[in-house]
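Below is one structure, written out as structure tokens; the observations come after it.
The values are calculated or read from the model by the stated rules, or taken from the named source; none is laboratory data. Remember, predicted model here, so these are calculated numbers, not experimental data. Positions of Cβ are backbone-derived with ideal geometry, glycine not excepted, and every protein chain shown enters the neighbour counts. The area values use the complete protein model at the heavy-atom level, side chains included, leaving out ligands, DNA and RNA. Shrake-Rupley method; radii C 1.70, N 1.55, O 1.52, S 1.80 Å.
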Amino acid sequence: MLLTIPNVLSADDVLQVRNYLDKADWQDGMNTAGSMARHVKKNQQLDDTQEPAVSLGNHILRVMSQHPAFISAALPDKIYPPKFNRYSESETYGAHIDSALMQLPNSNQTIRTDLSATLFLADPDEYDGGELVIETQYGTQSVKLDAGDLVLYPSTSLHQVSPVSRGARVASFLDTEHGKRQSTA
């Protein structure tokens, strides 16, 4: 499954989010890399325990929890709080698979990661490269969406972000655990 959902964030929402992110204190993405990812991860991330990541992440969660296409496609029982990443020139994230289990921040709860989502916060003409490349059962899919659009894909998919050669790719990403489908019979 690979599903794109347009306009998860409106143009006004994207502009407001970017106003905060463009002034944010970005940190080396290696700070959050697991043992395997350390070899392939070269990007920047916000500290997800600090502002503006907390308030922006909460805003994105509120929007997504009311977005009918996201809810019907993801069937989320739990959503790992959104994180924010930035790739500027020569930055990339090589082939990897997301962690199967993630500890919810400030909690003893662990969630199973069934679906991963990337919410694009920069338009394609703002940067060269930076495609999200996902290996699917139907072959390799390259994704580069408009700001405000989201792509959902299985967390078990091998995926990567191709090197950025101009500008900056800015996005939010999160993982979800499926809920159970309700029977209508």
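Annotations for the structure displayed:
- Placing +1 on each Lys and Arg Cβ and -1 on each Asp and Glu Cβ, with no other charges, gives the chain a dipole about its Cα centre of roughly 500 debye.
- Once all protein chains are placed together, Lys42 keeps about 110 Å² accessible to a 1.4 angstrom probe.
- For the chain, calculated [θ]222 nm from helices alone, where every DSSP H run of n ≥ 4 adds -39500 (n - 2.57): -5000 deg cm²/dmol
- Dipole of the chain, positive direction: furthest Cα of Pro163, Asn106, Gln45, with charges on the beta-carbon: Asn106
- Divide the volume of the convex hull around the Cα atoms of the stretch 38-90 by the residue count and you get 127 Å³ per residue.
- Global geometry of the chain, whether rounded, prolate or oblate, following the gyration tensor of its Cα atoms and the 1.5 cut on a/c: rounded
- Each Cα pair under 8 Å and six or more residues apart adds its sequence gap; the mean of these over the residue count of the stretch 1-99 is a relative contact order of 33 percent.
- Ser162 - accessible surface, heavy atoms, 1.4 Å probe, Å² rounded to 10: 20 Å²
- The accessible area of Glu91, taken with all protein chains in place and a 1.4 Å probe, comes to roughly 20 Å².
- Subtracting the Cα-Cα distance of Ser142 and Asn58 from their residue separation scaled by 0.36 nm leaves 27.4 nm.
- Projected label points at Glu89 and Thr156, each 7 Å from Cα along the beta carbon direction, are separated by 4.1 nanometres.
- Model label points for Leu2 and Gln109, set 7 angstrom from Cα along the Cα-to-Cβ axis, are 3.1 nm apart.
- Choice from Gln50, Gln27, Gln160 with maximal GNM fluctuation in the chain (Cα, 10 Å cutoff): Gln50
- Value of relative contact order over the chain, rounded to a whole percent, pairs C-alpha under 8 Å and six or more apart: 30 percent
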